[in-house]
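Participant: Before I ask anything, let me first share the structure, which is written out below as C-alpha cells.
The values are calculated or read from the model by the stated rules, or taken from the named source; none is laboratory data. If you're wondering where the values come from, they're calculated on a predicted model, not measured in any experiment. Cβ placement follows ideal geometry from the backbone for every residue including glycine, while neighbour counts extend to all protein chains displayed.
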Amino acid sequence: MDGPPLIQPTRLWTRAFTLGFVANFAHSLAFHAYVHLPGHLQALGGDELAVGLLVATMALAAIVARPTVGRVMDRRGRRVVVVVGSVLNVLASAAYLTVDAIGTWLVVIRVVHGLCEAMLFSVLFTIAADVVPGSRRAEGMAIFGISGMIPLALAGWLGDTLLRHYDYDALFVATACAAMVGLLAGLWIPDSRPPTDGSVAGPRSFFRAVTAAPLRPLWLMGFGFALAVASYFAFLKTYVIACGFGSVGQFFMAYSIAAVALRMGLGKLPDRLGYRLTLIPAVISTIVAVVVLAEAQSDSAIIVAGVIGGIGHGYTFPILTALVVTRAPPSERGVALATFTALFDLGLVAGGPLFGVILEFSSYRAMFWTAAAVASVCVVVFVWWDRRPPISPNRALSGDARRDHRP
C-alpha cells in the first residue's frame, strides 16, 4: 500500500473534516468576494462582453486543469493539491493589486486564479467525501458545504462595505488575507486517498472514468444547474447597478441564510427519502430564482430570489455530490469530483460569453429567461435519461443504491 487507507468514521466532525471545513471557509471567502469584480472591470473600461469573457477565462483555466488535478489526487494524494492550490490562491489574490487596465496581465492572473480554484474546490470536497460515513453522505456534504455558503453571504456584505468606504484594492487585500488563513489550515489536513494495494480496482483513463454510464446523466443535470447559477454569479453586480435597486450583499445574504438553514434543519432528508426524489425540486427552485430575478422590480424581489435560489443550492449541490461519490469507484473519486466541480466552471465558460452577447443586444430580463429555459431543458432530459439509474459496483456495497433508486 502506498497511501493511507480510506477513512470511514462514524461521526462527521473528524480532524480532516474540521480542518477541511476551515480551509474551505477561508478560501471560499476569498473566491466569493470576486462577485464584485465585474464592477471593477467596468470601471477599467470593460463592457458586458469583456466582463463575460474575463469571467469565462478563469473558469476555462479551471476546466482545463481539472483532469490533471483529479489524477494527481488519486495517484499522489489529496494533501499536495491542498498546499499548492492554497499558495497559488494567496499569490493570485494579491496580484489583482497590480492591475490598472484590462490587458494581458489581467488575463494571466485570471488563468492562475482558475488553476487554484480548480485545485481547492476539487480537493477539499474530495477530502470531505473521503471522510464522511456512507450512510450520512448527503448530510455530510451538505454540512461541509456550509463552509462555502456562509462565506458567500459574508463576501457579498464584505465587498459592499469595503467598496462603500474604500476601494477595490482593499477588497483584494482582504481576499489575500482570507486565502492565507486557508493555507494555514490546509497545512494540517491529513491525506485521505483510497488504498491502492489491489483491494479495489485501479483507476481507468480519465476519459473512461468520466464517461462511465452511471455518471453521464449527473453531468447534464450539474451543467444545467451551473448555467442557471452562472447567470447571477457573473452578472448580478452589473444587474443591480443598471436597475438601481437591490445589492449583491442583500441577494447573497438571503441566499446563504436560506441554504444554511435548510442544511442545518433538513440536511438528513435526502439520505432518508432518496437522492433523486429531493434533487428535482431543488433544481427547479434554482430555476424559479432566476425567473424572479428576470422580473424583479424592487429590493424585496432581489431578496426573495436570493431565498429561493439558496433553497435550491442548499440541496442541489450536496445531493449531486453524493450521487457522484455513490456512482464512482473509490479509486476514481478524485477524477469524478474534479469533473463535477468543473461543471460550475463550464457553466461560466458557456454562460459568461453567451449571457454577455444577450446583454449587448437585448436585456437582463432576456438573459435570465434564457438561463432558466436552458436549465429547464436539462432537468427534463435528466428525468427521462436517468429514469432507471444504472447500479455501479460501488453502489452495490452499501445502502447507496436504495437511496438513489427510491421513487
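Here's the yes/no breakdown for (1) part of a loop (DSSP other than H, G, I, E, B); (2) touching an Asp or Glu at 6+ places or on another chain (Cβ under 7 Å); (3) modelled with pLDDT of 95 or more; (4) β-branched (Val, Ile, Thr):
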| residue | (1), (2), (3), (4) |
| --- | --- |
| Asp197 | yes, no, no, no |
| Phe207 | no, no, no, no |
| Phe225 | no, no, yes, no |
| Phe235 | no, no, no, no |
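Participant: OK, next. In segment 271-312, how many are under 30 Å from Gly140 (Cβ atoms) and among the small types (Gly, Ala, Ser)?
Facilitator: Total satisfying the criteria: 9.
Participant: Quickly run through segment 263-275 and pick out the residues that are on the phi < 0 side of the Ramachandran plot and surrounded by fewer than 21 Cβ atoms within 10 Å (Cβ to Cβ).
Facilitator: Result: Met264, Gly265, Leu266, Lys268, Leu269, Arg272, Leu273.
Participant: Another question about this same structure. Restricting attention to segment 306-332, and to residues there that are closer than 9 Å to Tyr255 by Cα and surrounded by fewer than 24 Cβ atoms within 10 Å (Cβ to Cβ), which single residue is nearest to the chain's Cα centre (by Cα)?
Facilitator: Checking each candidate, the answer is Ile311.
Participant: Before we move on, is Ile303 assigned to a helix (DSSP H, G or I), among the β-branched types (Val, Ile, Thr) and either farther than 27 Å from Val381 by Cα or over 20 Å from the mean Cα position of the chain (by Cα) (or both)?
Facilitator: On the way: assigned to a helix (DSSP H, G or I): yes; among the β-branched types (Val, Ile, Thr): yes; either farther than 27 Å from Val381 by Cα or over 20 Å from the mean Cα position of the chain (by Cα) (or both): yes.
Taking the combined requirement at face value, the residue satisfies it.
Participant: Would you tally the residues in segment 137-185 being modelled with pLDDT of 95 or more, among the small types (Gly, Ala, Ser) and surrounded by 24 or more Cβ atoms within 10 Å (Cβ to Cβ)?
Facilitator: So the answer is 3.
Participant: Of all residues in segment 245-262, which are among the β-branched types (Val, Ile, Thr) and surrounded by 23 or more Cβ atoms within 10 Å (Cβ to Cβ)? If you could, list the steps in order and put the result at the bottom.
Facilitator: Within segment 245-262, the subset among the β-branched types (Val, Ile, Thr) is 248, 257, 260.
Once the filter is applied, which keeps residues that are among the β-branched types (Val, Ile, Thr) and surrounded by 23 or more Cβ atoms within 10 Å (Cβ to Cβ), segment 245-262 yields only Val248.
Participant: Residues that are at pLDDT 80 or above and under 18 Å from Tyr232 (Cα atoms), at least 3 per element: which helices (runs of 4 or more DSSP H) completely within segment 331-407 meet that?
Facilitator: It comes to 333-361, 364-385.
Participant: Please name all residue pairs, on different chains or six or more residues apart, with Cβ atoms under 8 Å, provided the first residue is in segment 42-59 and is on the phi > 0 side of the Ramachandran plot and the second residue is β-branched (Val, Ile, Thr).
Facilitator: If the second residue must be β-branched (Val, Ile, Thr), the pairs left are Gly45/Ile102.
Participant: Considering only residues that are more than 11 Å from Ala234 (Cα to Cα) and of a type in the set (Ser, Thr, Tyr), look in segment 15-53 and name the one that is surrounded by the fewest Cβ atoms within 10 Å (Cβ to Cβ).
Facilitator: Once the filter is applied, the top-ranked residue is Thr18.
Participant: I would also like to ask the following. Tell me the residue from Arg78, Arg71 that is closer than 25 Å to Cys177 by Cα and not polar (S, T, N, Q), please.
Facilitator: Arg78 is the lone residue from the list that is closer than 25 Å to Cys177 by Cα and not polar (S, T, N, Q).
Participant: Would you check if there is a residue in segment 100-108 being in contact with a helix residue (DSSP H, G or I) (Cβ under 8 Å, 6 or more places away or on another chain), closer than 30 Å to Leu44 by Cα and surrounded by 24 or more Cβ atoms within 10 Å (Cβ to Cβ)?
Facilitator: The answer is no, given that none of the residues of segment 100-108 is in contact with a helix residue (DSSP H, G or I) (Cβ under 8 Å, 6 or more places away or on another chain), closer than 30 Å to Leu44 by Cα and surrounded by 24 or more Cβ atoms within 10 Å (Cβ to Cβ).
Participant: Of the residues in segment 71-83, how many are surrounded by 23 or more Cβ atoms within 10 Å (Cβ to Cβ) and either modelled with pLDDT of 90 or more or of a type in the set (A, V, I, L, M, F, W, C) (or both)? Outline the logic, then answer.
Facilitator: First, pick out the residues of segment 71-83 that are surrounded by 23 or more Cβ atoms within 10 Å (Cβ to Cβ): 73-74, 78, 81-82.
From what's left, either modelled with pLDDT of 90 or more or of a type in the set (A, V, I, L, M, F, W, C) (or both): 73, 78, 81-82.
Selection size over segment 71-83: 4.
Participant: If Thr68 satisfies all but one of (1) without any contact (Cβ under 8 Å) to a residue 40 or more places away in the chain; (2) of a type in the set (Ser, Thr, Tyr); (3) touching a Lys or Arg at 6+ places or on another chain (Cβ under 7 Å), what's the number of the condition it fails?
Facilitator: Every condition holds for Thr68 apart from (3).
Participant: Pairs, please: C-beta under 6 Å, at least 6 apart or cross-chain, first residue farther than 15 Å from Ala375 by Cβ and in segment 304-315, second among the basic types (Lys, Arg)?
Facilitator: Pairs found: Gly314/Arg263.
Participant: Identify all residues within segment 88-97 that are of a type in the set (Ser, Thr, Tyr) and either modelled with pLDDT under 95 or over 14 Å from Leu44 (Cβ atoms) (or both); write none if there are none. Steps first, please.
Facilitator: Keep residues of segment 88-97 that are of a type in the set (Ser, Thr, Tyr), which gives 93, 96.
The one that is of a type in the set (Ser, Thr, Tyr) and either modelled with pLDDT under 95 or over 14 Å from Leu44 (Cβ atoms) (or both): Ser93.
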